[in-house]
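Quick notes on the structure that follows.
Read the figures in this text as sums done on the coordinates, not as results from a lab. The structure displayed is predicted, hence computed values, not measured ones. Quick reminder, even Gly has a Cβ in these numbers, built from the backbone with ideal geometry, and neighbours come from all protein chains shown.
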Amino acid sequence: MKQRDLEKYSSAITLSDMEIFIFPELLYSLLLANIMSPVVWEWKKDPWFDKIEKMSPYRKILRLKQFIMDKYDFNLDLETWGLTTKETEIHRFNPFMDEEILSKSNALFGYEGDKYYFKVDIRKHFRLDKYDSNVIPYWKTETIEAMEAFKYKEGYHKGAGECVSLSTLYAAALFIICKIPLEDIYLLATPLHSQNFVDINEGLMTNNRRLVTKNMWFNGTELTLKAQRALRNEQVTIISHNTGYIHVIYPDATLDKKAYEKFEKKLKKFLITDVDSDIIYNFLRQESQFQKCFQVKELFNGKYRYIGAEKAYAYEHTSSHRINDSTRDKLFSEIDEYEFFLEPLEDRICLNKFNEYFKSHKIDFRDKGSCEEFSREFDCMHIRKEEILKSLFEFCYLNPKLPGKDKNFIDSQAIKIANDMEREDIISYLESIRENNITADLAFYAFRDFSKTDLEPFIKASIERNPVIIDALKSYDLDVIIEKLHNMTNESIYDGTRVSQPDEVWNFQRGDGIEKAISLANILKNRDNNMSINIEINEKDVFVYFNDRSLKFTSNKGMVGKIQI
């Protein structure tokens, strides 16, 4: 394999965020690997999904969401997959992308894209400040098998994964469990996040383990604000679809242009809302610094009483009721009566007025006259109208930073997998298009199947990009290391002829004999790069030869072959 291809194909094994940024085909390849995996298909047998076929698409997705919430944690431990350095990664990717472009496009290389990340001190945010400034985490993306295996890792009680892992898992499960067509699922990557847009009803966003509908997007809660963070503050670098991808840097795009235009239209509509009284209430829930300029009145025992908005919102934190819906009366019944006043609070806008105002008015932020008329409703002595209106506009109108359409859109072979296809049929189909579709070809490497891939990319990834096991065992003598490998559970996290990487073996403390042999080779090569290592696999027996020594591990994968490292 040529060196340039070797970097890409070995990246399909390790799947770090940086690798996906450089080789955007990998994002969809991981999705396909998860679709080929038996894990999500087994979910169909779970009683939780009984009669799911009778549910509406949205109800199916809600059912799936709760299942994922119960089974997986969000993992943001930067040491899970080890650390590397800027210099190492820049040297590696220089043939593919200029360093200056890298620094402007990826946060972990000194992202220069938005002042927001300087404000939050990005290295401190990810606890990187305890390392030298050139140290960055690998942020490897987990396959569904690696996500499941976190239950074996010390300190974890169930599966886990980072944002790219969860987004590609969601996409696979939406297709397999909820029967959402791949054509309606778009994968979005920003420098620090990955999520999906699902073209159903008004639209739906997945965000780590959660889902966000359009109504939820504008509810003003803390959870929604966190879900908005990537699209509000980051450039969308990759959009991946069954027809291909578009990348903010590369001039060529393989994503079908009509599909991209449809996505852009749908997403932008999802991110915009008209202003009404509910939106005003939601806006103030998020922008709490403005609450002291408002009050709410309530008819109580035949008379009006008044309460400062900040007091009413404060009670929401301990209540299931909200200030701006049918449960307001129940919320107010929970508020201490001493919080209310019998006369209006001086210099405060009464929020109730907006209920009447929006019955006969519609606000268009692009129309100056409409805005000026609306601004007159803000009759508080102390309020800064321009600041309020500007913040309200930003709340209601988000224009995402998407890759431009000034690309060379190249015709490419779409991944055409139907919802009525069985798993074996999907694998056969993907095999049939590998020669002409690099995304499908790379999917088998992300799938880790030794029987369907060249070994060279896997071995390259194993030796060069698995630092956790090396660091954990650096102070041990070789005989102790061998004993530790022998004493591990002799069980792979992957089925059949699929194989773990060394850091997966170490993190989850289990591995087949083949995986243990490759893990040992990783340690030996990093101690002596000139060492020659031979591995012979004869169904159940795995022999490792190095220097004048020979070792034997036991395998349950039934494979036969030789590996020279």
| So what's the angle, to the nearest 10 degrees on a 0 to 90 scale, between helix 57-71 and the longest Cα principal axis of the chain? | 60 degrees
| said: I'd like the distance between the alpha-carbon centres of the stretch 318-342 and the stretch 503-565, rounded to an integer number of Å. | reply: 66 Å
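Order the peptides 242-248, 418-424 from the highest to the lowest mean number of other Cβ atoms within 10 Å of their residues. If you can, show how the numbers build up before the last one.
Numbers: 242-248: 24.3, 418-424: 10.7.
Result, highest mean first: 242-248, 418-424.
Using a 10 Å cut-off on Cβ atoms, rank the peptides 137-146, 519-528 from the highest mean neighbour count down. Please list the in-between numbers first.
On the way: 137-146: 24.8, 519-528: 20.2.
Result, highest mean first: 137-146, 519-528.
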| note | Each label sits 7 Å from Cα toward the beta-carbon; between Trp41 and Asp252 the label points are separated, in nm, by 3.3 nm
| remark: Taking the alpha-carbon centre of each part, the distance from the stretch 406-424 to the stretch 49-69 in Å is 25 Å
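Most exposed first by the Cβ proxy, i.e. fewest other Cβ within 10 Å, how do Phe96, Phe150 rank? Please list the in-between numbers first.
Numbers: Phe96 13, Phe150 21.
So the ranking, lowest neighbour count to highest, is Phe96, Phe150.
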| task | Round to the nearest 10 and give me the degree value, 0 to 90, for the angle of helix 455-464's Cα axis relative to the longest principal axis of the chain. | result | 70 degrees
| task | Work through the residues other than Lys292 whose Cβ is under 13 Å from its Cβ and net out their charges, Lys, Arg +1 and Asp, Glu -1. | result | -1
| request: Can you spot the lysines whose alpha carbon is less than 16 Å from Lys151's alpha carbon? Ignore those fewer than 8 places along the same chain. | output: Lys71
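I'd like the antiparallel share, as a percent to the nearest 5, of DSSP beta bridges with both residues in the stretch 457-565. Kindly include the intermediate steps, with their values, before the conclusion.
Working: 18 of 19 bridges.
If I count the DSSP bridges inside the stretch 457-565, around 95 percent turn out antiparallel.
Filter Lys44/Lys214; Lys86/Lys562; Lys86/Lys226; Lys158/Lys474; Lys44/Lys179 down to the pairs with a C-alpha to C-alpha distance above 23 Å, please.
Numbers: Lys44/Lys214 28 Å; Lys86/Lys562 35 Å; Lys86/Lys226 28 Å; Lys158/Lys474 29 Å; Lys44/Lys179 11 Å.
Result: Lys44/Lys214; Lys86/Lys562; Lys86/Lys226; Lys158/Lys474 exceed 23 Å.
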| remark: per DSSP, antiparallel bridges as share of beta bridges in the stretch 277-396, % nearest 5, sits at 80 percent
| Computed FRET value (nearest 0.05) for Ser320 with Leu76, which takes r as the C-beta separation and R₀ as 30 Å | 0.55
| field | Given charges at Cβ of Lys, Arg, Asp, Glu: the chain dipole, positive-most of Ile427, Gly161, Phe175 | value | Phe175
| request: Within the set of other residues whose C-beta is less than 12 Å from the C-beta of Ile144, count the net charge using Lys and Arg as +1 and Asp and Glu as -1. | output: -2
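Can you give the charge dipole size of the chain about its Cα centre, rounded to the nearest 20 debye, using +1 on the beta carbon of Lys and Arg and -1 on the beta carbon of Asp and Glu? Don't skip to the answer; put the middle values down first.
Details: 80 positive and 92 negative charges, 154 e Å.
Computed charge dipole of the chain: roughly 740 debye.
Indicate the gyration tensor shape class of the stretch 457-565 (rounded, prolate or oblate), computed on the Cα atoms with a ≥ b ≥ c the square roots of the eigenvalues: a/c under 1.5 is rounded; otherwise a/b larger than b/c is prolate and the rest oblate.
Numbers: a/c = 1.37, a/b = 1.17, b/c = 1.17.
Taking the square roots of the gyration eigenvalues as a ≥ b ≥ c, the stretch 457-565 is rounded.
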| Based on the Kirkwood radius over alpha-carbon pairs, what value in µm²/s does the Stokes-Einstein equation return for the translational diffusion coefficient of the chain at 25 °C and 0.890 mPa s? | 93 µm²/s
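Starting with the fewest neighbours, write out Trp217, Trp506, Trp41 ranked by other beta-carbon atoms found within 10 Å of each beta-carbon. It would help to have the intermediate numbers written out before the result.
Numbers: Trp217 22, Trp506 25, Trp41 16.
Starting with the residue having the fewest Cβ neighbours, the order is Trp41, Trp217, Trp506.
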| task | Would you compute, from DSSP H runs of 4+ residues alone, the mean residue ellipticity of the chain at 222 nm, taking -39500 (n - 2.57) per run and dividing by the full residue count, rounded to the nearest 500? | result | -12000 deg cm²/dmol
| remark: Checked against the positive end of the charge dipole of the chain (+1 on Cβ of Lys and Arg, -1 on Cβ of Asp and Glu, about the Cα centre), the farthest of Phe553, Ser519, Tyr313 is Tyr313
| request: Add +1 for every Lys or Arg and -1 for every Asp or Glu among the other residues with Cβ under 14 Å from the Cβ of Gly203, and state the total. | output: +2
| query | If you line up the long axis of helix 25-36 against the longest principal axis of the chain, both from Cα atoms, how many degrees apart are they, to the nearest 10? | reply | 80 degrees
